[in-house]
Each structure stands twice: as structure tokens, then as C-alpha cells.
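Presented below is the structure to which this report refers.
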Amino acid sequence: MAAPPAPARAAVLCGTGSFLPARRVSNDMLSATLDTSDEWIRTRTGIGARHFTDPGTTTSDLAAAAGARALADADPSGVDAVDTVVVATTTPDRPCPGTAPVVAAKLGLSGAAAFDVSAVCTGFVYGLATATGLIAAGAARRVLLVGAETYSSILDPADRTTSVIFGDAAGAVVLRAGDPDEPGAVGPFDLGSDGDGVDLITVRGGGAEQRLSGRPAEPGDRYFAMAGKQVFWQAVRHMAKSSRAVLDSAGWRVDEVDHLVGHQANIRILNRLADDIGVPRERSITNIAEVGNTSAASIPLALDQARAAGRLHTGDRLLLTAFGGGLTWGSTVLTWPNLAGPAQSTPTAPPLSRSQSRSEESTR
Ligand code: COA
């Protein structure tokens, strides 16, 4: 007799964490060196401030700080080993190797599978899909997924169209193997891309294309460039279409969505998105005013901060949707789980590492 089919395994969210570097840069501070104003930035983007790292602090540092909090949240006793670390980032510590193995080592998780996901502002949603697939296939049981960025390292300080928009941050979640019907189970997904839009959001230099072009690198090649107006409308269109597709797959009506967690690109994009798909704006979670667009960190940071603010309740239905360079887009849904740990606000100073905490305890 054939063996009964193995039960479906879902990725279930069981912990969150986030980290913001301490240096807060207000719009007025940017206006001191750029031809811009607090009024223009607030009106056109909804951004009032962002955080930037200081020299010497890298993406892996922010990722490890957020990851440590997510791990402690998911498992305060430190018993349940994470077997896979995924880092979604546009700003890896180095072009080679990936940043995830470095993050794993910083967290005392050497030996775990570790790799990066590169999908710019959609990176966290692509990372969720990747983690979900690994867990469903039985290739992973417990995954730390971090979205982490140091855009300050690729912004052209003289470009007012990009410098005012992006910020540095990290957000993390822990996913464990579980039941598709339990709160916290992630999915289904809708993912897509359009490589014809490669030039709309790009860093031209530093890759094989530029190195093999035979032309010397221009100074501006190392900076992030964006065609803001075209990106604006593509972001609204793709996030709205992808949101509808994933709601359809999940069998959820739009009025059943308690929280829309869109990629924090621009408050006008988030408002248009909510209006287009028919989610009341007050159900849209936004933190862009204080952190700006933090790319792959944006959704997990918004989730962790909304949780700390007491906005997310067990059983609430969340729609997550993102759009970014590539072009890429993606959406998923989940029902908010019952997370045991107390909600905490995002720190701006790194926590002690797990090994540090243990050695401190042992010397008490
Ligand atoms: N301060 C003052 N003026 C600025 C400015 C700034 N920081 N940035 C641009 N301007 C100027 C432009 O030069 C232009 O001037 P002009 O009319 O004399 O040519 C004017 O403001 C309008 O520019 P425009 O690009 O049409 O503004 P916009 O309303 O489209 O807003 C963005 C620009 C970048 C904020 C907006 O297009 C946007 O948010 N795009 C999406 C960006 C994004 O989220 N990307 C990531 C997606 S993952």
C-alpha cells in the first residue's frame, strides 16, 4: 500500500526584531547641503527623517542586531537552532561573498546554510517565498530572514532626487516549520519581474557589465540612480495587481484585510495603492515619516514597529506587498500569530550578542 502523503509544511512566523542606526537625519539637516526643503520632502514623499549608519558599521552589523532580537523573541531560551539564514539586501558588505554567512557568524550560527536574496525593495517578500519553499521541501526547519540595508553607502550626496528618500535599517523574522492552518503561516505568494526596467532603479557600476565594457568607470557609476516618476506609477500598478492576485489565491475578500503592509516607498504610493485595491487608508501600516524608504528592511521593520505599537493582534489578517528594482514585485498574506514575547520598540544601539549575553550571565 502506498504511504499516505506527507502533511503539508508551512513557514510560520514565530519572532520579529528590528534595528535602526542611531544617527537620525532630519529633512532640515539635508536641506543644509542640498537644494531641497522639509516642505518639499514631506509633501512629495511623506518622509520627515531617516537614519544613517556611521563609518565602520555595515549591513551585516545592522542585520545581526535585528536578527539577534528576532531570535531572542522567537526562542528566549536559545534552544531551537536556526538552520538557515537568509539576508535580503541591495547593499551587501561586499560584492562577493554574500552577507548572510557573515551575519550567521556574528550571531554564533556558523554551520547554518546562509545566502543572500537580491531583489532590491522586493527582497523581503522574495526572501519569505524562498524560506517558505525551503521549509515546505523539508530543506530547512527554522529560518532567520533579515532585510537589511545601508543605502547611505550608495546614495549620491549631491542627488536630491534619491538622497532624501532612502534610509538605513534592518528588520528580521524567524520562520519555523508548522501547519498551514495555524496563525502565522505565510502564503500563498504572487511574485513577478520585468527586466526591461533594469535602468529605472540601478547602480550601474561594480558589476560584470561595467567591468567588461572596456570603458573606464565614471565617478557616478557607483551611486544609486532612479527614474522617480516612472517608478512611482509602476510601483502603484504592480503592487495593486499583485495584491489582488494574492488575495484571490488566498480566497480573502479585500474587506477582510485588517492591515495593508506595503513597501514604504512614498506615502503617496501607499495611499494610491490602498485606494486602488479598496483598503481604507487607516488600515495601511506606515512608518515612512521617521525612517524613509529602507528597501528590503522596509516591511519587516514596519511589522516589528507596528507590533511594538500594539497594532497587531492575534488573528488579524495582513496583506504584504512590495515593488522594487529589477523591476520586481511580490505579495503574500498571513494571519498574525500569537507571539509570546513582550512588544519592544526598535533599538538604535546594538544588543549584546547571544554569546555575549551568555558569558555575562555566567560571570554574574
Ligand atoms: N527637493 C526639491 N525639489 C525636488 C527634489 C527635492 N528633493 N527632487 C526633485 N525635485 C524637483 C524636480 O527637479 C522637479 O523640478 P522641475 O519641475 O523644475 O523639473 C520637481 O521637483 C518635480 O519632480 P518630480 O520628479 O516630477 O517629482 P515627483 O512628484 O514625481 O516626486 C519622487 C519625485 C522621487 C519623490 C517620486 O517620483 C517618487 O517617490 N517616486 C518613487 C520613488 C520610490 O519610491 N522608489 C523606490 C521604489 S522601490
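Rule-based calculations on the coordinates, nothing more; no lab input. Just so it is clear, the structure is predicted and the values come from calculations on it, not from any experiment. Heads up, the Cβs are rebuilt from the backbone with ideal geometry, glycines too, and the neighbour counts pull from every protein chain shown.
Of the peptides 28-36, 173-181, the order by per-residue mean of other Cβ atoms within 10 Å, starting with the highest, comes out as 173-181, 28-36. Stretched out straight at 0.36 nm per residue, the stretch from residue 348 to residue 83 would grow longer than its current Cα-Cα span by 92.7 nm. The alpha-carbon atoms of the chain define a convex hull whose volume equals 161 cubic angstrom per residue.
Of 225, 235, 137, the residue with the greatest mean-square motion in the GNM of the chain, using alpha carbon springs below 10 Å, is 137. Taking the alpha-carbon centroid of each part, what is the distance from the range 28-44 to the range 111-145 in angstrom? Going from one Cα centre to the other spans 37 Å.
Ranked by the mean number of other Cβ atoms within 10 Å per residue, highest first, peptides 209-216, 195-202, 123-130 order as 123-130, 195-202, 209-216.
For the range 84-203, what is the relative contact order in percent, using Cα pairs closer than 8 Å and at least 6 residues apart in sequence?
Working: 168 pairs, mean separation 30.6, N = 120.
Relative contact order, the range 84-203: 26 percent.
If you take every residue apart from residue 327 with its C-beta less than 14 Å away from the C-beta of residue 327, what net charge results, scoring Lys and Arg +1 and Asp and Glu -1? Summing Lys/Arg as +1 and Asp/Glu as -1 gives -1.
Within 10 Å, count the other beta carbons around each residue, average over each peptide in 139-152, 86-99, and list them highest first.
So the peptides 139-152, 86-99, ranked by packing, come out 139-152, 86-99.
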